[in-house]
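J.: Supplied in C-alpha cells, the structure appears directly below.
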Amino acid sequence: MIKEFDLIVIGAGAVGENVADRAVQGGLRTALVEAELVGGECSYWACMPSKALLRAGEVVAAARAVGGAEQAVTGEIDVAAVLKRRDSFTSDWDDEGQVKWVEGAGIELIRGHATFTGVKELEVRAADGTTTTLKATHAVVVSTGSTALLPDIPGLADSKPWTSREATSVKAIPARFTIVGGGVVAVEMATAYATLGSKVTLISRGALLANQEPFAGEAVGKALGDLGVDIHLGQSPAEVSRDAQGVVHTTLEDGSVIDSDEILVATGRLPRTGDLGLETIGLEPNQWLNTDDTLLVLGEDGAPLPGEWLYATGDVNHRALLTHQGKYQARAAGDVAAARAKGEPVHDQPWGRHVATADHQAVPQVTFTEPQVASIGMTAAAAEKAGYRTKVVDYEIGNVAGAAVHRDGYAGTARAVVDEDKKVLLGVTFVGPDVQELLHSATVAVVGEVPLHRLWHAVPSYPTISEVWLRLLETYGRDASA
Ligand SMILES: Cc1cc2nc3c(=O)[nH]c(=O)nc-3n(C[C@H](O)[C@H](O)[C@H](O)COP(=O)(O)OP(=O)(O)OC[C@H]3O[C@@H](n4cnc5c(N)ncnc54)[C@H](O)[C@@H]3O)c2cc1C
C-alpha cells in the first residue's frame, strides 16, 4: 500500500506527537509513525515513572523536616503502593489514552518501524510483517529519540544489566543495587531506590552532576550518603559478572568487588538512528542528527539537505536531551514546516517562533534528588570559558524567611551568574528542597535578558522562598545598571 501525506513524523514520543499536532494545526496532512508505545520514553520509561518513584520519598522527607508534622510520620514507605501509583502514571504501559489524543488531534497514526527508502520516502513494517510505503510531499521529521549507552566493560553485556527502562518499570525493589554513572538518571535512581529500601552503591568516573555548578553534585552526594548510599567517585567498573545464583559482582579498578542483586548502567545515551535507513538519503547511521535552529537536518557540508525537506527534533538531534526542550523544538519545527509548505515567511530571528534558539544558552533542568537541583543557562565555569566577563553571586537559601518556615534547618544554595557587560543573568542555579518551582522565574529572567535594575522591581512575596531573588540582588550590590 502507498500513502501520501504533506508531512511524516517518525517517532511518537512526546516530541513527535507535538510536531505532528503543530503541523496539523498549520494545515498539513500529517502521519505519525510509531514502532512501540505512543508517548515514547518520557511517558513509560523515563520522566513520569522516575518522578513517581521519587515522590513518596520527597513527601516523607518534607514531613520529617517540619516539627509537628514529623511526629505524624510513624510508618515506613509502602513500596507496593508507590509502584502501584507509578503504574497509574504509565497507564500500565498501555498507550490507548495517547492514541485517542493523537486521533482527536487529526493526526494519522501508523504503527510500525519506519526506514527511509529514499528522499521523502519511507517503508513502514508493522508487527505482523506487512509493509506500507509512505511518501511526503513536503517534509519528514525524525523524532526517534535516544537509547541507553552500554559501556564496553568486560562481562557487562552478559550480566543482564538494567538500563533506565528496567529501573523505571521495576516490579520488585532489589535488596542490593549497583548504579554505574553520576549524571541525572544515576543520582535520581540512587535517591529513589535508597528511599524504597535498596542498599545502593553508586560508581561514578567523574564528579556527580558534573555539568552543573560544583556545589550541586556535592550537596546531592552528601544527601545520598545520608540515605546510606555507598558512593565510589573517580572509579569505573573494570569487570562485571553475574553468577549462577544471580548475584552481580562488580570489580572496580582498585580491585574491590561490589556484590548486588541488580546493576543499572546510566552512563549516557545513543541516538536511535541505527536502523532508519539513513544511508539511503546520504546520511550516516548511528549518528546524532545535527540541525540548524529551524530544526532542518544539516549534511556533512553543514548545509540543510537539498530541498529543505528533513527535520530532526528531540533527543535525536542532541541539542538538549529533555522532554520540555524537545517539545519546544517540536512547536518550532511543526510551525516552520507548515510555513515553508505554504510559502509563508519563516521567522528565523532569535525571537522568532520558528527557531529553537533557547537550546543554546537557556535550557532549564530540574534534577529531582534530595535536595533538588534546578538550573537554567550557564554555570560560572561555562560562562568564563565562553569568554564572558562575569560576577558570581551566591546566597544560602536557608537564610530566607520563607525557606526557614518551609522546612526546619532548610539547607540550600542559590547562584546567579551575571554578565557584567550587559548586567543580565547568564545562568541561575538553585540547590535545595522544593526549588523546582523557583526555576521558571529564573528562566524568564535569563531568556528575557531582564536587566538587573529591572529585577529589583520584581518583588517576591513574603514569606516565600522566592525572596532569595531579593537576597541575590542585595548580595550583588546596588549598582545594577549597565
Ligand atoms: C530515566 C530518565 C528520566 C528522565 N527524566 C526526565 C525528566 O524528568 N524531565 C525531562 O525533561 N526529561 C527527562 N528525561 C529525558 C526524556 O525522557 C527525553 O528527553 C524524551 O523522552 C525525548 O523524547 P523524544 O520524543 O525525542 O524521544 P522518545 O521519547 O524516545 O520517543 C521516540 C519514539 O520513536 C520511536 N521510534 C524510534 N525509531 C523508530 C522507527 N524507526 N520507526 C518508528 N518509530 C520509531 C520510539 O519507539 C519512541 O516511541 C529522562 C530520561 C530518562 C532516561
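J.: Being of a type in the set (D, E) and part of a helix (DSSP H, G or I) is the filter; apply it to segment 40-77 and report the residue that is farthest from the chain's Cα centre (by Cα).
T.: Taking segment 40-77 first, the residues of a type in the set (D, E) are 41, 58, 70, 76.
Cutting the leftovers down to part of a helix (DSSP H, G or I) gives us 41, 58, 70.
Details: E41: 11, E58: 19, E70: 33 Å.
Checked segment 40-77; the qualifying residue farthest from the chain's Cα centre (by Cα) is E70.
J.: Still on this model: Just one of (1) crowded, with 19+ Cβ neighbours inside 10 Å; (2) of a type in the set (S, T, N, Q); (3) part of a loop (DSSP other than H, G, I, E, B) trips up Q245, so point out which.
T.: Q245 satisfies every listed condition except (1).
J.: Sort through Q365, Q372 and tell me the only one that's within 30 Å of A56 (Cβ to Cβ), surrounded by fewer than 21 Cβ atoms within 10 Å (Cβ to Cβ) and touching a residue at least 60 places away in the same chain (Cβ under 8 Å).
T.: When all the criteria are applied, what remains is Q365.
J.: Scan V220, V185, V180, V240 and give me the residue that is touching a residue at least 24 places away in the same chain (Cβ under 8 Å) and either more than 22 Å from T369 (Cα to Cα) or of a type in the set (K, R) (or both).
T.: None of the others qualify; the one that does is V240.
J.: From the set of residues in segment 88-131 that are acidic (D, E) and under 26 Å from the mean Cα position of the chain (by Cα), which is least open to solvent (accessible area, probe 1.4 Å)? Don't jump to the end; show me each part of the working.
T.: Within segment 88-131, the first condition is being acidic (D, E), and the residues that meet it are 92, 94-96, 103, 108, 121, 123, 128.
Still in the list and also under 26 Å from the mean Cα position of the chain (by Cα): 92, 94-96.
Details: D92: 105, D94: 77, D95: 14, E96: 105 Å².
By that ranking, first place goes to D95.
J.: Only residues in segment 301-319 that are closer than 12 Å to V15 by Cα count as the first member; pair them with residues that are within 16 Å of the ligand (Cβ to nearest atom) and hydroxyl-bearing (S, T, Y), Cβ under 6 angstrom, at least 6 apart or cross-chain, and list the lot.
T.: As it stands, the answer is A312/T291; T313/S143; G314/S143; D315/S146; V316/T144; N317/T291, since those pairs meet every condition given.
J.: Testing D421 on (1) without any contact (Cβ under 8 Å) to a residue 60 or more places away in the chain; (2) at negative phi; (3) surrounded by fewer than 20 Cβ atoms within 10 Å (Cβ to Cβ), one condition comes back false. Which one is that?
T.: (1)
J.: Have a look at L32, L37, L28 and point out the one that is open to solvent by less than 50 Å² (accessible area, probe 1.4 Å), closer than 27 Å to L276 by Cβ, part of a loop (DSSP other than H, G, I, E, B) and within 11 Å of the ligand (Cβ to nearest atom). Lay out the reasoning, then the answer.
T.: Details: L32 fails: part of a loop (DSSP other than H, G, I, E, B); L28 fails: within 11 Å of the ligand (Cβ to nearest atom).
So the residue among L32, L37, L28 that is open to solvent by less than 50 Å² (accessible area, probe 1.4 Å), closer than 27 Å to L276 by Cβ, part of a loop (DSSP other than H, G, I, E, B) and within 11 Å of the ligand (Cβ to nearest atom) is L37.
J.: Confirm whether G409 is at pLDDT 95 or above, under 17 Å from Q372 (Cβ atoms) and surrounded by fewer than 19 Cβ atoms within 10 Å (Cβ to Cβ). Explain how you work it out, then say what you get.
T.: On the way: at pLDDT 95 or above: yes; under 17 Å from Q372 (Cβ atoms): yes; surrounded by fewer than 19 Cβ atoms within 10 Å (Cβ to Cβ): yes.
Yes: the conditions hold for G409.
J.: Output the residues belonging to segment 197-225 that are basic (K, R) and exposed (fewer than 15 other Cβ atoms within 10 Å of the Cβ).
T.: Residues of segment 197-225 basic (K, R): 199, 205, 222.
Correct list: K222 only.
J.: What are the residues in segment 42-75 that are near the ligand (Cβ under 8 Å from one of its atoms) and surrounded by fewer than 18 Cβ atoms within 10 Å (Cβ to Cβ), if any?
T.: Passing the criteria: only K51.
J.: Out of segment 449-463, which residues are open to solvent by less than 50 Å² (accessible area, probe 1.4 Å) and either in a loop (DSSP other than H, G, I, E, B) or not assigned by TED's automatic domain parsing to the domain that holds I376 (or both)? Walk me through how you get there before you give the answer.
T.: Filtering segment 449-463 for residues open to solvent by less than 50 Å² (accessible area, probe 1.4 Å) gives 450-452, 455, 460.
Within segment 449-463, V450, P451, P460 meet the criteria.
J.: Acidic (D, E) and assigned to a helix (DSSP H, G or I): does that describe E17? Step through it out loud before you land on a result.
T.: On the way: acidic (D, E): yes; assigned to a helix (DSSP H, G or I): yes.
Judged against the criteria, E17 is a match.
J.: Then there is this: Being part of a loop (DSSP other than H, G, I, E, B) and more than 12 Å from the ligand (Cβ to nearest atom) narrows it down to one of L202, L208, so name that one.
T.: Numbers: L202 fails: part of a loop (DSSP other than H, G, I, E, B).
Exactly one of L202, L208 is part of a loop (DSSP other than H, G, I, E, B) and more than 12 Å from the ligand (Cβ to nearest atom), namely L208.
J.: Find all pairs meeting these conditions: Cβ atoms under 9 angstrom apart; at least six residues apart or on different chains; first residue within segment 263-276 and among the basic types (K, R); second residue part of a loop (DSSP other than H, G, I, E, B).
T.: What qualifies is R269/G145; R269/L149; R269/H318; R269/L321; R272/G11; R272/T144; R272/G145.
J.: Taking the condition over 17 Å from D419 (Cβ atoms) and without any contact (Cβ under 8 Å) to a residue 12 or more places away in the chain, does E396 pass?
T.: No.
J.: Moving on to the next point. Can you tell me which residue in segment 280-330 is farthest from the ligand (Cβ to nearest atom), limited to those that are more than 23 Å from D6 (Cα to Cα) and assigned to a helix (DSSP H, G or I)?
T.: Q325
J.: Here is a further query. Consider R22 carefully, then state whether it is under 25 Å from A332 (Cα atoms), open to solvent by 60 Å² or more (accessible area, probe 1.4 Å) and part of a helix (DSSP H, G or I). Outline the logic, then answer.
T.: Working: under 25 Å from A332 (Cα atoms): yes; open to solvent by 60 Å² or more (accessible area, probe 1.4 Å): yes; part of a helix (DSSP H, G or I): yes.
Here the answer is yes, as R22 does meet what is asked.
J.: Could you grab me the full set of residues in segment 132-178 that are within 27 Å of N317 (Cα to Cα), open to solvent by 20 Å² or more (accessible area, probe 1.4 Å) and assigned to a strand (DSSP E or B)?
T.: Correct list: T132, T133, K135, T137, H138, T147, A148, W162.
J.: Would you mind finding the one in G307, G234, G268, G228 that is surrounded by fewer than 16 Cβ atoms within 10 Å (Cβ to Cβ), of a type in the set (G, A, S) and over 30 Å from V435 (Cβ atoms)?
T.: On the way: G234 fails: over 30 Å from V435 (Cβ atoms); G268 fails: over 30 Å from V435 (Cβ atoms); G228 fails: over 30 Å from V435 (Cβ atoms).
Testing whether each residue is surrounded by fewer than 16 Cβ atoms within 10 Å (Cβ to Cβ), of a type in the set (G, A, S) and over 30 Å from V435 (Cβ atoms) leaves just G307.
J.: Shifting gears a bit: For residues that are touching a helix residue (DSSP H, G or I) at 6+ places or on another chain (Cβ under 8 Å) and open to solvent by less than 50 Å² (accessible area, probe 1.4 Å), tally how many sit in segment 271-296.
T.: Residues meeting the conditions: 8.
J.: Which numbered condition trips up L426, out of (1) assigned to a strand (DSSP E or B); (2) under 25 Å from K222 (Cα atoms)?
T.: (2)
J.: Something else about it: When you check T133 against the structure, is it over 30 Å from L264 (Cβ atoms) and more than 11 Å from the ligand (Cβ to nearest atom), yes or no? I'd like the intermediate steps shown before the answer.
T.: Values: over 30 Å from L264 (Cβ atoms): yes; more than 11 Å from the ligand (Cβ to nearest atom): yes.
Criteria met by T133.
The values are calculated or read from the model by the stated rules, or taken from the named source; none is laboratory data. Since we're looking at a predicted model, the values are computed, not measured. Virtual Cβ from ideal backbone geometry, glycine too; neighbours counted across all protein chains shown. Only protein heavy atoms, including side chains, enter the accessible area calculation; ligands, DNA and RNA are left aside. Shrake-Rupley method; radii C 1.70, N 1.55, O 1.52, S 1.80 Å.
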